[in-house]
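Heads up: the structure comes next, in structure tokens.
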Amino acid sequence: MLPVHAKLAWDDFRLVKAIADHDGLTGAAAALGVNHSTVFRRLGQIEELVGMPLFERRKTGYVATVAGAEMAALASRMDEDVTAFSRRLAGRDVAPSGEIRITTTDTLHLNVLLPIFAAFREAHPLIRLDVVIGNQALNLSKRDADIAIRASDSPGETLVGRRIATIAWAIYGRVQDGLAAAEQADPATLYQHDWVALGDQLAHVKAARFVREHVAPERIALKSSAVLGLAEAVEQGLGIGPLPCFIADQRPGLVRLLPPNPDFATGLWVLTHPDIRHVPRVRAFMDFCSSELARQRALFEGTG
């Protein structure tokens with residue numbers, strides 16, 4: 001034979017609580033949305049099940065016995081727990097949590113993204129960021145990363161995301177070298193200077209191809225496998241060279257020697273895989289990061 005507690009249901013506790021709260025059957029029936037006879041019948045069944053009266057029937061109404069008061073109190077605690085659980089579920093939609101793996105380049109990470117990451121963490125403290133830095137794009141389809149923030153003209157047909165801006169490039173030199181700024185520079189004379197260039201690892205970058213095609217090999221003083229290394233080399237006076245405007249324009253020691261070259265430009269994308277784009281933490285980051293990057297469009301496009 002089953003013990004009494006195994007036979008009781010949540011609705012039994014709710015009914016007892018309703019009668020206790022309203023001091024009778026009529027108010028309880030209205031609160032529960034049932035008729036008076038149903039409450040009367042169910043209370044009799046529950047009392048028979050527990051083997052004792054749960055209420056004293058008085059002219060002034062129903063007064064809970066010790067057992068009835070305990071059932072009503074337990075029902076209140078259960079109701080509070082259910083409400084708290086529902087609130088936590090709703091909160092998960094509002095405040096997503098978990099870890100996101102982001103892949104990006106060193107140039108974007110150090111020059112633009114770190115303040116955005118900090119602001120995002122302040123807005124979403126339950127989301128942790130795992131940032132993988134490298135010039136080689138990780139495979140989002142294989143879940144090497146959840147989100148990619150990258151410069152590309154062909155981000156991949158299997159990915160979804162947003163093209164935030166155009167990343168402009170121009171030729172830069174040191175201010176202290178007295179080279180003519182973009183408005184006065186003669187492009188032909190620039191090829192007589194020493195240059196710095198991207199290394200073979202980044203030979204696919206359009207600016208790297210430009211240097212190979214226009215500058216004599218003996219004029220290339222240094223090659224770098226990192227765009228940041230190229231910017232440092234120009235600042236140190238090793239030569240002039242192509243740099244993204246969003247990096248070089250933030251360095252007061254550098255000057256544009258030619259206007260941004262449209263042939264160098266690439267798109268700036270925030271990308272993810274279609275299978276996870278609706279995951280709350282991924283969606284939250286995509287929306288936040290895209291919005292913050294869009295605010296800096298003029299910097300990326302060399303017009304700021």
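The values are calculated or read from the model by the stated rules, or taken from the named source; none is laboratory data. Being a predicted model, the structure only gives us computed values, none of them experimental. Note: ideal-geometry Cβ built from the backbone for every residue, glycine included; neighbour counts use all protein chains shown. The protein model used for the area step is the full one, side chains on, heavy atoms only, and it has no ligands, DNA or RNA in it. Shrake-Rupley method; radii C 1.70, N 1.55, O 1.52, S 1.80 Å.
What the table shows:
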{"quantity": "Pairs, first closer than 14 Å to Ile240 by Cβ and assigned to a helix (DSSP H, G or I) in the stretch 199-220, second of a type in the set (Phe, Trp, Tyr) and open to solvent by less than 40 Å² (accessible area, probe 1.4 Å), C-beta under 8 Å, six or more apart", "calculated": "Ala207/Trp169; Ala207/Phe264; Phe210/Phe264; Val211/Trp195; Arg219/Trp195"}
{"quantity": "Among (1) farther than 18 Å from Asp106 by Cβ; (2) touching a Cys at 6+ places or on another chain (Cβ under 8 Å), the one test that Pro262 misses", "calculated": "(2)"}
{"quantity": "Pairs with Cβ under 7 Å, 6+ apart, first in the stretch 96-124 and among the aromatic types (Phe, Trp, Tyr), second open to solvent by 10 Å² or more (accessible area, probe 1.4 Å)", "calculated": "Phe117/Leu129; Phe120/Phe288"}
{"quantity": "Subset of the stretch 42-58 [among the basic types (Lys, Arg) and either under 55 Å from the mean Cα position of the chain (by Cα) or open to solvent by less than 80 Å² (accessible area, probe 1.4 Å) (or both)]", "calculated": "Arg42"}
{"quantity": "Residues within the stretch 245-259 that are open to solvent by 50 Å² or more (accessible area, probe 1.4 Å) and either of a type in the set (Ser, Thr, Tyr) or in contact with a Gly (Cβ under 9 Å, 6 or more places away or on another chain) (or both), tallied", "calculated": "3"}
{"quantity": "Cβ pairs under 7 Å, 6+ apart, first in the stretch 143-164 and farther than 21 Å from Asp106 by Cβ, second charged (D, E, K, R) and surrounded by 13 or more Cβ atoms within 10 Å (Cβ to Cβ)", "calculated": "Val160/Arg277"}
{"quantity": "Looking only at the stretch 19-41, and only at residues there that are in contact (Cβ under 8 Å) with a residue 24 or more places away in the chain and more than 21 Å from Leu8 (Cβ to Cβ), the one that is most open to solvent (accessible area, probe 1.4 Å)", "calculated": "Asp23"}
{"quantity": "Residue list for the stretch 19-63, restricted to those being in a helix (DSSP H, G or I), hydrophobic (A, V, I, L, M, F, W, C) and under 17 Å from Lys7 (Cα atoms)", "calculated": "Leu43, Ile46, Leu49, Val50"}
{"quantity": "Filter pass, Ala298 being of a type outside the set (Ser, Thr, Tyr) and open to solvent by 30 Å² or more (accessible area, probe 1.4 Å)", "calculated": "yes"}
